[in-house]
Amino acid sequence: MNLYEYQGKALFRKYGIPVPDGFVVFDPEEIKTVDGDVVLKAQVLTGGRGKSGGVKFASNLDEARKIAREILNITIKGHKVHAILVEKKLSIEKEYYLSLLIDRSSRSPMVMCSPEGGVEIESVPDEKIFKYRIDPDIGMQPFIARMLAEKMGFKGEISKQFSDILMNLYRLMREYDAELVEINPLVLSDGKLIAADSKVIIDTDALYRHPDIEENKEEKTPLEREASMAGYAFIEMDGDVGVIANGAGLTMATLDVLLLYGLKPRNFLDLGGTDSVEITKNAFKYVLKAEPRAILVNIFGGVTKCDTVAKGIIAAKEEFNIQIPVVVRLSGVHEDEGREMLRQKGIHAYPDMRTAIQTLKNIMEGKE
């Protein structure tokens, strides 16, 4: 789950990482005083705030409230602004980049830092990005922080500040199950390093361990939230083929093969390891609400038995009066029985995923 900037900075404060003085407001009238120049920053889970009018400066209370009203009325890349972070304006001498993320190839945390900050890290030349993989059994050690501080060109007190920030950032990452903690830019202001921005992504499956973190509704569409409340892993997409599969890996592979065949998925729905007719049936309710042109069901039966899935599909077709094409791939435990049950109800069913997808494509193109 992505955190808003103000949520990330609250965690930074908790772990002793310097951030600008500031507060979050949801209504312009919540701004009570303005002491000197301030920056007002729209709180949305997307980039490009500055170019969209989501970052502005004010020097007095009336101006700050006026600007807050303007920002709260805008939408940035489809995200409506509901909150504003009001912070003291910094005198910036230089901008840097610092992050910790999970490196999937080595299955370990990795530090990325650069003396070129304030821009997307993808646009920075490789020779100006310093990376270091952390052994998870050993963790972040002071010598690593000092080595990276030297590579960044820091000396003396600034080097110590950078090392402390990196050590604390690693503690935050481990203790909050974060997949990414990023400071861009990390700025030098009046002789001190300060986190001028924050980006924190927490493993959604670990949120139950962190009751102090409120789930951000903006992360999901209304339909995604509805499906989530019902216990389904469901994500909306911009295609026209509804997808139901079992297991995150198989579901993602299904999306990939659909794209390979020139079809675009409308959603991701993972049934998981259920062997319930009712759960299978009700999955169709949320896929149908996404209004696809057709539905592909891809099941590899193990815990989820193929005949159970077949019963659920038949129940869904009858209860929800499904009129769009439904093509099914069933393979695994009781696959023959499951496919035969579906064929008797006029539903296309195959043991091979590619055959099922090619059939679906032919139907959608009017060839069958």
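Nothing in this text is a laboratory measurement; each read-out follows from the coordinates by a stated rule. Nothing here was measured: the structure is a model prediction, and the numbers come from that model. Note that each Cβ is placed from the backbone with ideal geometry, even for glycine, and that neighbours are counted across all protein chains shown.
For this structure, a couple of remarks:
- Two-site label geometry, ASP256 and ARG293: point separation in nm, points 7 Å out along Cα→Cβ: 2.5 nm
- Looking at the chain, the DSSP beta bridges with both ends there are about 75 percent antiparallel.
- Taking amide H positions as modeled 1.01 Å from N, with prolines and chain starts lacking one, the residues under 5 Å from GLY242 and 5 or more places away or on another chain are ARG266, ARG293, ALA294, ILE295, LEU296.
- Net lengthening on full extension, LYS345/THR33 (0.36 nm per residue, minus Cα-Cα): 105.4 nm
- Span from the region 345-367 Cα centroid across to the region 218-247 one, whole angstrom: 23 Å
- Expected-Rg normalisation [2.2 N^0.38 Å, Cα atoms] applied to region 283-368: 1.02
- Sum of -39500 (n - 2.57) over DSSP H runs of 4+, divided by residues of the chain (222 nm, nearest 500): -10000 deg cm²/dmol
- Separation of the ILE138 and ARG171 label points, Cα + 7 Å toward Cβ, nm: 2.1 nm
- Three principal axis extents of the chain based on alpha-carbon atoms, in descending order, are 76, 50, 37 Å.
- Excluding same-chain neighbours fewer than eight residues apart, the aspartates and glutamates reachable from LYS264 by a Cα-Cα span under 14 Å are GLU236, ASP238, ASP240, ASP256, GLU291, GLU365.
- For LYS94, a cut-off of 18 angstrom between C-alpha atoms picks up these aspartates and glutamates, skipping any fewer than 8 places away in its own chain: GLU116, GLU120, GLU150, GLU157, GLU182, ASP190, ASP197.
- Shape parameters for region 50-204, alpha-carbon atoms, Rg then Dmax in Å: 17.5, 53
- Cα-centre dipole for the chain with unit charges at Cβ (Lys and Arg positive, Asp and Glu negative), debye to 20: 340 debye
- In this simple spin-label approximation, LYS77 and LYS160 carry label points 7 Å from Cα along the Cα→Cβ vector, and these lie 3.9 nm apart.
- The stretch between LYS192 and SER276 holds 24.4 nm of extra length on full extension. This uses 0.36 nm per residue minus the Cα-Cα distance.
- Rounded D (µm²/s) - region 21-88, Kirkwood Rh over Cα pairs, Stokes-Einstein at 4 °C, 1.567 mPa s: 112 µm²/s
- Max-minus-min Cα coordinates of region 220-364 on each principal axis give 38, 31, 29 Å, with the largest extent listed first.
- Entries in LYS160/LYS192; LYS14/LYS128; LYS128/LYS155 that, when Cα-Cα distance is taken, lie over 22 Å: LYS14/LYS128
- Lysine pair count for region 21-88 with Cα-Cα distance under 21 Å and sequence separation of 8 or more or different chains is 20.
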